[in-house]
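The values are calculated or read from the model by the stated rules, or taken from the named source; none is laboratory data. Keep in mind the model is a prediction, meaning the values are calculated, not measured. Note that each Cβ is placed from the backbone with ideal geometry, even for glycine, and that neighbours are counted across all protein chains shown. Surface accessibility is based on the protein's heavy atoms, side chains included, excluding ligands, DNA and RNA. Shrake-Rupley method; radii C 1.70, N 1.55, O 1.52, S 1.80 Å.
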Amino acid sequence: MKFCFVFVLLLLFSSCYNFERNCKDYQTGTFKSEITINDSTYISTFTRSSKLQVERYNNKIDSSEVRWINDCEVVFRTINPKNRVEKKDIHLKILTTTDSSYTFEYSYVGDKLKQKGVAIKLD
């Protein structure tokens, strides 16, 4: 009986917690992104406007069209894809925000495998 009472209390308190995401603050600007995949960290910088994102990684520049689905989800389409993989659109969802960064998950559109990362706003 004690377990049921504790469980009900936990359920009530956790369902009342509502975190705030200020995704609009991160729709445009200059950012530094960090993604960890298999114990390797990948760092890039990018500038995003309402319709275009330009990313710099390993002395390469990629440009993508930006299409916001809602305030917290966006789809990127590479402008000049050089191979089959770059032709796939990328779906990114902002999960949480702070005053200077956001945590996100992303995947190729239609893929179930999602990766997570953090982007820090530089301007």
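Between Arg84 and Arg56, what is the spin-label point distance in nm, taking each point 7 Å from the Cα along the Cα→C-beta axis?
3.3
Enumerate the residues in the stretch 88-123 having an amide nitrogen under 18 Å from the point lying 7 Å beyond the Cα of Thr30 toward its Cβ.
In the stretch 88-123, the label zone of Thr30 (backbone N under 18 Å from the point 7 Å along Cα→Cβ) covers 100-102, 119-123.
Which whole number of Å³ per residue matches the convex hull of the alpha-carbon atoms in the stretch 14-123?
Working: hull volume 14.1 nm³, N = 110.
Given the Cα convex hull of the stretch 14-123, per-residue volume reads 129 Å³.
What distance in nm separates the two pseudo spin-label positions at Gln115 and Arg77, each 7 Å out from Cα along the beta-carbon direction?
Modelled inter-label distance: 2.2 nm.
Quick one: which of Lys93/Lys114; Lys51/Lys116; Lys60/Lys87; Lys24/Lys60; Lys51/Lys93; Lys60/Lys114 span more than 20 angstrom between C-alpha atoms?
Over 20 Å apart, Cα to Cα: Lys51/Lys116; Lys24/Lys60; Lys60/Lys114.
If you roll a 1.4 Å probe over the stretch 24-70 with all protein chains in place, what percent of the accessible area is carbon or sulfur? Before the final figure, lay out the partial values.
Working: 1420 of 3210 Å².
Taking all protein chains in place, the stretch 24-70 shows 44 percent carbon and sulfur surface.
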